[in-house]
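The values are calculated or read from the model by the stated rules, or taken from the named source; none is laboratory data. On a predicted model such as this, the values are computed, not experimentally measured, just so you know. Here Cβ is always computed from backbone atoms with ideal geometry, including for glycine, and neighbour counts include all displayed protein chains. Ligands, DNA and RNA are stripped out before the accessible areas are found, and what is left, the full protein with its side chains, is counted by its heavy atoms. Shrake-Rupley method; radii C 1.70, N 1.55, O 1.52, S 1.80 Å.
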Amino acid sequence: MVVNWLTRRLCRPGRRVARAAGQFAEPHYILRAAKRAAENQHATIDANRATKSVGSTKQAKTVDATATAVEGRIPPGPPESYDPRQDLLGWMQLNFDRFGDIYRATIYGGEVYVVSSPEYAEHVLLGNWRNFLRKGQAVKRIALSLGNGLISSNGEFWVSQRRMIQPAFRREAVAALRDVFLKPNIALAEKWKQAARAGESVDVTRDVSLAVLEVTLLSIFGDDYDKVAGQFHIIAEESRNMEFAQTCSALSKTIVRIAERRRSTHNDAEDILGIMMRSRDRDTGQSMPDVQLAREALTLVIAGHETTASVLNWIWYLLSQHPLVETKVFAEIDALLGDELPTMATLGRYTHTRRVIEEALRSYPPLWLMTRKAINPDRLGEYLVPAKTEVYISPFLLQRHPRLWQNPQLFDPDRFAGDPPALEESADPHRLAMCPFGAGPRNCIGEFFARVEMQIHLLTIARELRLQFAQAGPAEYLAGVNLLSRHHFIATPEIRGRHVH
């Protein structure tokens, strides 16, 4: 599968990784996520180390060649500017069909290069990533609500913040959260079983969102969950506007009060907030100021909640529309899980379930758009990238690219049974054919956390229930901050008969 291939490509010589049969290290996607998290702590130290971390001599040469480039062609593109009343992803798709893997466009009043080539994306996100910062209109909107946190910061400040937050997402820290992952999903399964007995329908989109929010808040705030739960539930409902920014400001004050209370009572909690409070800057030895601590905790809530909920929402819908895939999930769970609850040590055994998650991430990546801004002139192939040009990279377009994937519109988890996956025969296998969590030093810090959370959710619910959706046929998506379903998915739960071996 793609993760086997990616793991081999990303592994550096001499690195030893435990892979005992049936152990937690066995799932390749988990191994890749944990390894990437560890590597990214060091990948930000200097550009040379970042280049080595991807293990590509060709890429290193590309960095050297483009560092002083000042000449090149300007890519073609639509003469008309993007109209904000239009669906941006749909507009980008239409122009991809017209102009191909790279085109120039005017979006939100600025010059943008829209890139759908994995080679170009690799240069921006990995090869010369220091020249392409997280700036531009999209990041400004995020900073309006969340402040200068991990998503919107750059430079040495971002390096320091990433290092201090990373310990909370190491493999052992995530493994310690197994019961936290289980609790809200067990409650959700019971709620849906009651609806099944009563013959009632459920709002899958809402219920999954609330369960994921509970997991997120319990993971970050631990025993202080009750102090924040009521206030944070508004996040599941609010749109990203000025009112949302004001809500975030109030929530930040709540987090600061919790941190102050913990410090005054010498509470060294083992939750994510506690780990961040104990972290120290590698160079100065200073801890994170409370205001910044609140910004980062709030960023983790916002970024970690909606993205994971969106993928799980799509998974339930996709399973209902593909009964053969659904039957294989149930058969695997019945054969391997039985009456037990999932454990961290056995997640690697559920190969088909992991492929379903991977294919949902390919088909509907919540992080559908990554934006960067060129600080200095650069080149993408034969094209000049002037300074201050924004670059848009869409995992949605990359992961449905007809040059890269066989039948990209088809939901087919078994495409990940291959090694590499079922790419077009003419395509050169490329790491960025799949990038649902981003790539490079600035990939999603919570990838490992999210993958484990999604698998435990699916195993816990599907061991007892299946969902019958009233809606048939293709569902519409809404490309906002994240890629969501345009309408809530409503379904009738059924308690399924299990065939436990």
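The residues of segment 346-395 expose, per residue, 26 Å² of accessible area to a 1.4 Å probe. Summing charges over all other residues whose Cβ lies under 12 Å from the Cβ of residue 375, with Lys and Arg as +1 and Asp and Glu as -1, gives +4.
Once neighbouring chains are kept in place and the probe is 1.4 Å, which whole percent of the accessible area of segment 344-491 is contributed by carbon and sulfur? Using a 1.4 Å probe with all protein chains present, segment 344-491 comes out at 51 percent carbon and sulfur.
Note on segment 75-99 and segment 308-357: Cα centroid distance 37 Å, given to the nearest whole angstrom. Here segment 253-325 has 52 percent of its accessible surface on carbon and sulfur atoms, given a 1.4 Å probe and all protein chains in place. Karplus-derived 3J(HN,Hα) values for segment 377-385, using 6.51 cos²θ - 1.76 cosθ + 1.60 with θ = phi - 60°, are x, 8, 10, 10, x, 8, 9, 6, 10 Hz; glycine and proline are entered as x. Residue ranges 167-174, 207-214 sort as 207-214, 167-174 when ordered by packing (mean number of other C-beta atoms within 10 Å per residue, highest first). Average accessible surface for segment 143-204: 41 Å² per residue, computed with a 1.4 Å probe over protein heavy atoms with every protein chain in place.
Summarising the amide proton neighbourhood of residue 465: residues at separation of 5 or more, or on other chains, whose placed amide H is nearer than 5 Å comprise 496.
Residue by residue, segment 199-206 carries 3J(HN,Hα) couplings of x, 9, 8, 10, 8, 4, 4, 5 Hz when phi is fed to the Karplus relation 6.51 cos²θ - 1.76 cosθ + 1.60 (θ = phi - 60°); x denotes Gly or Pro. Packing, taken as the mean count of other beta carbons within 10 Å per residue, orders the peptides 94-103, 458-467 from highest to lowest as 458-467, 94-103. Derived from the Cα gyration tensor, the three semi-axes of the equivalent ellipsoid of segment 426-465 are 28, 16, 5 Å, largest first. Rolling a 1.4 Å probe over the protein heavy atoms of segment 104-225, with every protein chain left in place, gives an accessible area that is 50 percent carbon and sulfur.
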